[in-house]
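Notes for the one structure printed next.
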(Lines give C-alpha, C1' and ligand atoms only; values in the text may rest on other atoms or scores of the structure.)
Protein backbone atom coordinates (compact mmCIF):
# COMPACT_ATOMS: atom_id res chain seq x y z
CA UNK A 1 0.00 0.00 0.00
CA UNK A 2 1.30 3.43 -0.90
CA UNK A 3 2.04 5.92 1.85
CA UNK A 4 0.52 9.40 1.87
CA UNK A 5 3.90 10.82 0.86
CA UNK A 6 4.18 8.47 -2.12
CA UNK A 7 0.73 9.47 -3.32
CA UNK A 8 1.41 13.20 -2.93
CA UNK A 9 4.68 12.82 -4.85
CA UNK A 10 2.62 12.31 -8.01
CA UNK A 11 0.80 15.61 -7.57
CA UNK A 12 2.95 18.24 -5.81
CA UNK A 13 6.66 19.20 -5.81
CA UNK A 14 8.60 16.69 -3.72
CA UNK A 15 10.18 19.41 -1.57
CA UNK A 16 6.70 20.50 -0.39
CA UNK A 17 5.51 17.06 0.71
CA UNK A 18 6.84 17.10 4.27
CA UNK A 19 5.23 20.44 5.16
CA UNK A 20 1.92 19.49 3.54
CA UNK A 21 1.84 16.22 5.46
CA UNK A 22 2.46 18.08 8.72
CA UNK A 23 -0.66 20.14 8.08
CA UNK A 24 -2.80 17.15 7.09
CA UNK A 25 -1.61 14.96 9.96
CA UNK A 26 -2.25 17.80 12.44
CA UNK A 27 -5.92 17.76 11.42
CA UNK A 28 -7.07 14.14 11.38
CA UNK A 29 -10.64 15.22 10.64
CA UNK A 30 -9.54 16.67 7.29
CA UNK A 31 -9.58 14.26 4.34
CA UNK A 32 -8.04 14.82 0.90
CA UNK A 33 -9.81 13.41 -2.15
CA UNK A 34 -8.24 13.52 -5.61
CA UNK A 35 -10.99 13.70 -8.23
CA UNK A 36 -11.54 13.68 -11.96
CA UNK A 37 -11.25 16.95 -13.85
CA UNK A 38 -14.06 19.46 -13.31
CA UNK A 39 -14.43 22.41 -15.68
CA UNK A 40 -16.16 24.62 -13.11
CA UNK A 41 -13.52 24.35 -10.37
CA UNK A 42 -10.02 23.15 -9.56
CA UNK A 43 -10.89 22.04 -6.05
CA UNK A 44 -13.34 22.50 -3.21
CA UNK A 45 -13.85 22.23 0.55
CA UNK A 46 -16.88 20.92 2.37
CA UNK A 47 -17.88 19.98 5.88
CA UNK A 48 -19.16 16.40 5.80
CA UNK A 49 -20.09 16.10 9.48
CA UNK A 50 -19.08 17.46 12.87
CA UNK A 51 -15.96 15.26 12.79
CA UNK A 52 -15.17 15.06 9.09
CA UNK A 53 -14.13 17.69 6.58
CA UNK A 54 -13.13 17.02 2.98
CA UNK A 55 -11.13 18.84 0.35
CA UNK A 56 -11.02 17.62 -3.24
CA UNK A 57 -8.52 18.56 -5.95
CA UNK A 58 -8.64 17.81 -9.68
CA UNK A 59 -6.12 15.10 -10.53
CA UNK A 60 -4.93 16.65 -13.80
CA UNK A 61 -3.46 19.92 -12.48
CA UNK A 62 0.25 20.48 -12.88
CA UNK A 63 2.24 20.13 -9.65
CA UNK A 64 2.43 23.86 -8.93
CA UNK A 65 -1.26 24.51 -9.58
CA UNK A 66 -2.17 21.42 -7.54
CA UNK A 67 -0.14 22.67 -4.56
CA UNK A 68 -1.63 26.17 -4.72
CA UNK A 69 -5.15 24.74 -4.99
CA UNK A 70 -4.50 22.34 -2.11
CA UNK A 71 -3.33 25.20 0.13
CA UNK A 72 -6.33 27.26 -1.03
CA UNK A 73 -8.76 24.55 0.11
CA UNK A 74 -6.88 23.81 3.34
CA UNK A 75 -7.25 27.52 4.11
CA UNK A 76 -11.04 27.23 3.76
CA UNK A 77 -10.96 24.48 6.37
CA UNK A 78 -8.72 26.52 8.70
CA UNK A 79 -10.89 29.62 8.27
CA UNK A 80 -13.99 27.60 9.14
CA UNK A 81 -12.24 26.09 12.16
CA UNK A 82 -11.13 29.48 13.49
CA UNK A 83 -14.11 31.68 12.58
CA UNK A 84 -17.09 29.42 11.92
CA UNK A 85 -19.47 29.44 8.97
CA UNK A 86 -20.61 33.09 9.05
CA UNK A 87 -17.58 34.50 7.23
CA UNK A 88 -17.49 35.07 3.46
CA UNK A 89 -15.91 32.15 1.55
CA UNK A 90 -13.13 34.34 0.11
CA UNK A 91 -13.34 37.18 2.62
CA UNK A 92 -10.68 38.85 4.74
CA UNK A 93 -10.28 35.91 7.14
CA UNK A 94 -9.64 33.41 4.37
CA UNK A 95 -7.36 35.81 2.50
CA UNK A 96 -5.16 36.26 5.57
CA UNK A 97 -4.92 32.54 6.33
CA UNK A 98 -4.30 31.54 2.72
CA UNK A 99 -1.85 34.36 2.07
CA UNK A 100 0.24 33.48 5.13
CA UNK A 101 0.13 29.76 4.42
CA UNK A 102 1.06 30.20 0.77
CA UNK A 103 4.00 32.45 1.58
CA UNK A 104 5.52 29.65 3.68
CA UNK A 105 5.82 27.57 0.50
CA UNK A 106 7.12 30.25 -1.86
CA UNK A 107 10.78 29.44 -2.32
CA UNK A 108 12.87 28.27 -5.22
CA UNK A 109 13.16 24.61 -4.24
CA UNK A 110 9.36 24.32 -4.62
CA UNK A 111 8.35 26.79 -7.35
CA UNK A 112 10.21 27.80 -10.53
CA UNK A 113 11.92 31.18 -10.35
CA UNK A 114 9.70 32.69 -13.07
CA UNK A 115 6.55 32.07 -11.01
CA UNK A 116 7.79 33.39 -7.66
CA UNK A 117 7.40 37.20 -8.18
CA UNK A 118 3.78 36.87 -9.35
CA UNK A 119 3.06 34.31 -6.66
CA UNK A 120 4.33 36.66 -3.94
CA UNK A 121 2.11 39.43 -5.29
CA UNK A 122 -0.86 37.05 -5.40
CA UNK A 123 -0.23 35.89 -1.80
CA UNK A 124 -0.50 39.46 -0.50
CA UNK A 125 -4.13 39.67 -1.68
CA UNK A 126 -5.34 36.27 -2.93
CA UNK A 127 -8.26 36.11 -5.31
CA UNK A 128 -10.89 33.37 -5.35
CA UNK A 129 -9.04 31.72 -8.23
CA UNK A 130 -5.58 32.00 -9.78
CA UNK A 131 -7.41 32.64 -13.06
CA UNK A 132 -8.23 36.06 -11.62
CA UNK A 133 -4.54 36.95 -11.78
CA UNK A 134 -3.71 36.90 -15.48
CA UNK A 135 0.10 36.91 -15.23
CA UNK A 136 0.23 34.16 -12.61
CA UNK A 137 -2.36 32.04 -14.41
CA UNK A 138 -0.44 32.15 -17.68
CA UNK A 139 2.88 31.33 -16.04
CA UNK A 140 1.34 28.37 -14.23
CA UNK A 141 -0.27 27.21 -17.48
CA UNK A 142 3.16 26.93 -19.11
CA UNK A 143 3.77 23.88 -16.92
CA UNK A 144 0.60 22.08 -18.02
CA UNK A 145 0.88 18.97 -20.13
CA UNK A 146 -0.77 20.11 -23.33
CA UNK A 147 -2.93 17.44 -24.90
CA UNK A 148 -3.62 19.51 -28.01
CA UNK A 149 -1.15 21.99 -29.45
CA UNK A 150 -3.92 23.66 -31.48
CA UNK A 151 -5.45 25.41 -28.47
CA UNK A 152 -5.00 29.12 -27.83
CA UNK A 153 -5.95 31.52 -25.07
CA UNK A 154 -8.85 33.85 -25.82
CA UNK A 155 -6.63 36.93 -25.47
CA UNK A 156 -4.44 35.62 -28.30
CA UNK A 157 -7.32 35.70 -30.79
CA UNK A 158 -8.13 38.58 -33.13
CA UNK A 159 -11.41 40.47 -33.04
CA UNK A 160 -13.95 38.64 -35.19
CA UNK A 161 -12.13 35.31 -35.00
CA UNK A 162 -14.23 32.16 -34.68
CA UNK A 163 -13.39 29.65 -31.94
CA UNK A 164 -14.85 26.72 -30.04
CA UNK A 165 -14.78 25.94 -26.34
CA UNK A 166 -13.81 22.41 -25.25
CA UNK A 167 -17.54 21.59 -25.04
CA UNK A 168 -17.83 22.21 -28.78
CA UNK A 169 -19.90 25.42 -28.67
CA UNK A 170 -18.73 27.92 -31.29
CA UNK A 171 -18.33 31.69 -30.75
CA UNK A 172 -17.06 34.78 -32.49
CA UNK A 173 -14.74 37.08 -30.52
CA UNK A 174 -15.93 40.65 -30.03
CA UNK A 175 -14.79 43.37 -27.64
CA UNK A 176 -12.82 43.12 -24.39
CA UNK A 177 -14.40 43.91 -21.03
CA UNK A 178 -11.70 44.00 -18.33
CA UNK A 179 -10.60 40.35 -17.91
CA UNK A 180 -13.33 38.91 -20.12
CA UNK A 181 -14.38 39.20 -23.76
CA UNK A 182 -17.84 39.64 -25.21
CA UNK A 183 -18.36 36.66 -27.51
CA UNK A 184 -21.23 35.90 -29.89
CA UNK A 185 -22.50 32.33 -29.70
CA UNK A 186 -23.23 31.44 -33.30
CA UNK A 187 -25.97 28.90 -32.52
CA UNK A 188 -28.32 31.41 -30.83
CA UNK A 189 -26.79 34.84 -31.65
CA UNK A 190 -26.55 35.72 -27.95
CA UNK A 191 -23.61 37.45 -26.24
CA UNK A 192 -21.60 35.70 -23.51
CA UNK A 193 -18.60 36.81 -21.47
CA UNK A 194 -15.61 34.47 -21.65
CA UNK A 195 -12.46 34.86 -19.56
CA UNK A 196 -9.36 36.06 -21.38
CA UNK A 197 -7.35 33.07 -20.12
CA UNK A 198 -9.79 30.39 -21.30
CA UNK A 199 -8.22 27.83 -23.64
CA UNK A 200 -10.13 27.52 -26.90
CA UNK A 201 -9.86 26.00 -30.38
CA UNK A 202 -9.63 28.41 -33.33
CA UNK A 203 -12.10 27.43 -36.05
CA UNK A 204 -11.97 28.17 -39.79
CA UNK A 205 -15.19 29.17 -41.50
CA UNK A 206 -14.72 26.26 -43.91
CA UNK A 207 -14.97 23.88 -40.92
CA UNK A 208 -18.42 25.09 -39.89
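Key figures
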| read-out | value |
| --- | --- |
| Region 33-64, residues that are surrounded by 22 or more Cβ atoms within 10 Å (Cβ to Cβ) and part of a helix (DSSP H, G or I) | 64 |
| Residue in region 2-21 that is buried (at least 16 other Cβ atoms within 10 Å of the Cβ), under 28 Å from residue 113 (Cβ atoms), without any contact (Cβ under 8 Å) to a residue 40 or more places away in the chain and touching a strand residue (DSSP E or B) at 6+ places or on another chain (Cβ under 8 Å) present | no |
| Matching option when the condition is under 29 Å from residue 199 (Cα atoms) and either buried (at least 18 other Cβ atoms within 10 Å of the Cβ) or under 19 Å from the mean Cα position of the chain (by Cα) (or both), among 97, 110 | 110 |
| Any chance residue 139 is surrounded by 12 or more Cβ atoms within 10 Å (Cβ to Cβ), farther than 30 Å from residue 112 by Cα, out of contact with any strand residue (DSSP E or B) (no Cβ under 7 Å at 6 or more places or on another chain) and touching a residue at least 12 places away in the same chain (Cβ under 8 Å) | no |
| Qualifying residue in region 85-92 (condition: modelled with pLDDT under 90 and assigned by TED's automatic domain parsing to the domain that holds residue 43) | yes |
| Residues located in region 87-123, provided they are free of Cβ contacts under 8 Å to residues at least 12 places away in the same chain, within 18 Å of residue 44 (Cα to Cα) and touching a helix residue (DSSP H, G or I) at 6+ places or on another chain (Cβ under 8 Å) | 87, 88 |
| Candidate set: region 168-208, residues that are assigned to a loop (DSSP other than H, G, I, E, B) and touching a residue at least 40 places away in the same chain (Cβ under 8 Å); chosen: the one farthest from the chain's Cα centre (by Cα) | 208 |
| Scan of region 26-47 for residues that are farther than 22 Å from residue 130 by Cα and free of Cβ contacts under 8 Å to residues at least 12 places away in the same chain, ordered by number | 26, 28 |
| Test: residue 61 is modelled with pLDDT of 95 or more and within 25 Å of residue 10 (Cβ to Cβ) | no |
| Boolean, residue 126 is under 19 Å from the mean Cα position of the chain (by Cα), without any contact (Cβ under 8 Å) to a residue 12 or more places away in the chain and assigned by TED's automatic domain parsing to the domain that holds residue 82 | no |
| Residues of region 151-167 classified as in contact with a strand residue (DSSP E or B) (Cβ under 7 Å, 6 or more places away or on another chain) and outside any loop (DSSP other than H, G, I, E, B), total | 6 |
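The values are calculated or read from the model by the stated rules, or taken from the named source; none is laboratory data. Given the structure is predicted, the values throughout are model-derived calculations rather than measurements. FYI the Cβ positions are ideal-geometry reconstructions off the backbone, even for glycines, and counts take in every protein chain you see.
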